[in-house]
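Participant: Just passing along the structure, written as structure tokens.
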Amino acid sequence: MNKTESEQLGRSMVEMLGVLAIIGVLSVGGIAGYSKAMEKYNLNKLRDQFFQILHNLTTAVASGQETTQLANNNVIDALHILPQEMGKAKDCRHALGGRCYVVGVGSGYDITIRLQDLPQKACVEMSTLDLTSYSGTIYINASNRIEIDPSTCVTEDGEKTCTGSKLRSVPQAVKECRGKLNAVVFMFSSKL
């Protein structure tokens with residue numbers, strides 16, 4: 001066997017390092033893409049969970065359930081107000097892993113949905129939802145109150161305009177959702 005034949009049998013260390021570097025760069029890109037996709041999935045899941053709770057509460061109130069009874073965790077669980085993946089009312093966890101509370105009370109705003117431990121992006125997403133079909137109040141971090149009054153909203157050509165309701169804008173929500181963890185509280189009247 002001559003020298004040129006033996007040189008062609010294997011790969012050099014430089015070639016192997018080059019291949020490993022390419023694989024590493026592609027892996028980092030894949031992990032970053034996966035991470036962004038999971039973040040978007042969890043935000044969508046959180047929004048879906050919120051609207052499922054709102055739908056279940058609307059159904060319970062429409063069927064004659066007293067909102068004062070909804071203060072009882074056992075009633076919340078028995079009526080299946082929370083989506084199954086969120087657990088029981090005593091230990092409710094939303095899609096991002098934070099705590100959540102759903103409670104009915106007997107005065108003013110009868111139903112409260114509280115989502116805690118929200119990162120800033122999720123806080124902004126949840127506090128800018130279009131909820132003008134409902135009457136109530138939205139708080140971010142126990143202040144920054146926004147009233148929702150659907151009677152002042154008019155829909156023309158697919159555009160919803162609310163003169164009496166102040167819908168929260170994204171820049172406003174970004175200012176209000178500060179820090180790593182935030183809480184958004186939705187308080188609705190019993191008429192939902």
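The values are calculated or read from the model by the stated rules, or taken from the named source; none is laboratory data. What you are looking at is a predicted structure, and each value in this text was computed from that prediction instead of being measured. Cβ placement follows ideal geometry from the backbone for every residue including glycine, while neighbour counts extend to all protein chains displayed.
Participant: Taking the residues in the stretch 76-89 that are within 23 Å of Asn42 (Cβ to Cβ) and surrounded by fewer than 16 Cβ atoms within 10 Å (Cβ to Cβ) as candidates, determine which candidate is nearest to the chain's Cα centre (by Cα).
Facilitator: Checking each candidate, the answer is Glu85.
Participant: Taking the criterion of being out of contact with any Phe, Trp or Tyr (no Cβ under 9 Å at 6 or more places or on another chain), touching a residue at least 12 places away in the same chain (Cβ under 8 Å), buried (at least 22 other Cβ atoms within 10 Å of the Cβ) and part of a helix (DSSP H, G or I), would at least one residue in the stretch 68-75 satisfy it?
Facilitator: Checked the stretch 68-75: at least one residue is out of contact with any Phe, Trp or Tyr (no Cβ under 9 Å at 6 or more places or on another chain), touching a residue at least 12 places away in the same chain (Cβ under 8 Å), buried (at least 22 other Cβ atoms within 10 Å of the Cβ) and part of a helix (DSSP H, G or I).
Participant: Let me ask another. Scan the stretch 155-189 residue by residue and report those that are part of a strand (DSSP E or B), under 21 Å from Phe51 (Cβ atoms), out of contact with any helix residue (DSSP H, G or I) (no Cβ under 6 Å at 6 or more places or on another chain) and modelled with pLDDT under 75. Working first, answer last.
Facilitator: At the first step, the residues of the stretch 155-189 found to be part of a strand (DSSP E or B) are 155-156, 159-162, 182-188.
Still in the list and also under 21 Å from Phe51 (Cβ atoms): 155, 160, 162, 182-188.
This time we only want the ones that are out of contact with any helix residue (DSSP H, G or I) (no Cβ under 6 Å at 6 or more places or on another chain), so: 155, 160, 183, 185-188.
Answer for the stretch 155-189, where residues must be part of a strand (DSSP E or B), under 21 Å from Phe51 (Cβ atoms), out of contact with any helix residue (DSSP H, G or I) (no Cβ under 6 Å at 6 or more places or on another chain) and modelled with pLDDT under 75: Thr155, Lys160.
Participant: I'd like to check something: does the stretch 41-57 contain any residue that is part of a loop (DSSP other than H, G, I, E, B) and within 23 Å of Arg178 (Cβ to Cβ)?
Facilitator: Within the stretch 41-57, none of the residues are part of a loop (DSSP other than H, G, I, E, B) and within 23 Å of Arg178 (Cβ to Cβ).
Participant: Across the stretch 48-67, what is the total count of residues that are within 16 Å of the chain's Cα centre (by Cα), surrounded by 15 or more Cβ atoms within 10 Å (Cβ to Cβ) and at pLDDT below 90?
Facilitator: Residues flagged as within 16 Å of the chain's Cα centre (by Cα), surrounded by 15 or more Cβ atoms within 10 Å (Cβ to Cβ) and at pLDDT below 90 within the stretch 48-67 amount to 1.
Participant: Test of understanding: among Ala60, Ala32, Ala21, which residue is part of a helix (DSSP H, G or I) and either closer than 25 Å to Pro119 by Cβ or touching a residue at least 60 places away in the same chain (Cβ under 8 Å) (or both)?
Facilitator: Answer to the check: Ala32.
Participant: I'm told Lys45 meets every condition in (1) modelled with pLDDT of 90 or more; (2) loosely packed, with under 15 Cβ neighbours inside 10 Å; (3) of a type in the set (D, E, K, R) except one. Can you identify the failing condition by its number?
Facilitator: Condition not satisfied by Lys45: (2).
Participant: Now for a separate question. What is the one condition in (1) surrounded by 16 or more Cβ atoms within 10 Å (Cβ to Cβ); (2) on the phi < 0 side of the Ramachandran plot; (3) modelled with pLDDT of 80 or more that Asp117 does not satisfy?
Facilitator: For Asp117, the exception is condition (2).
Participant: Considering every residue within the stretch 143-150, establish whether at least one is of a type outside the set (Ser, Thr, Tyr), surrounded by fewer than 19 Cβ atoms within 10 Å (Cβ to Cβ), modelled with pLDDT under 75 and in contact with a Gly (Cβ under 6 Å, 6 or more places away or on another chain).
Facilitator: Within the stretch 143-150, one or more residues are of a type outside the set (Ser, Thr, Tyr), surrounded by fewer than 19 Cβ atoms within 10 Å (Cβ to Cβ), modelled with pLDDT under 75 and in contact with a Gly (Cβ under 6 Å, 6 or more places away or on another chain).
Participant: Can you spot a residue in the stretch 91-101 that is on the phi < 0 side of the Ramachandran plot, over 22 Å from the mean Cα position of the chain (by Cα) and in a helix (DSSP H, G or I)?
Facilitator: From the stretch 91-101, those on the phi < 0 side of the Ramachandran plot are 91-96, 98-101; that's our starting set.
Within this subset, residues satisfying the condition of being over 22 Å from the mean Cα position of the chain (by Cα) are none.
No, the conditions are met nowhere in the stretch 91-101.
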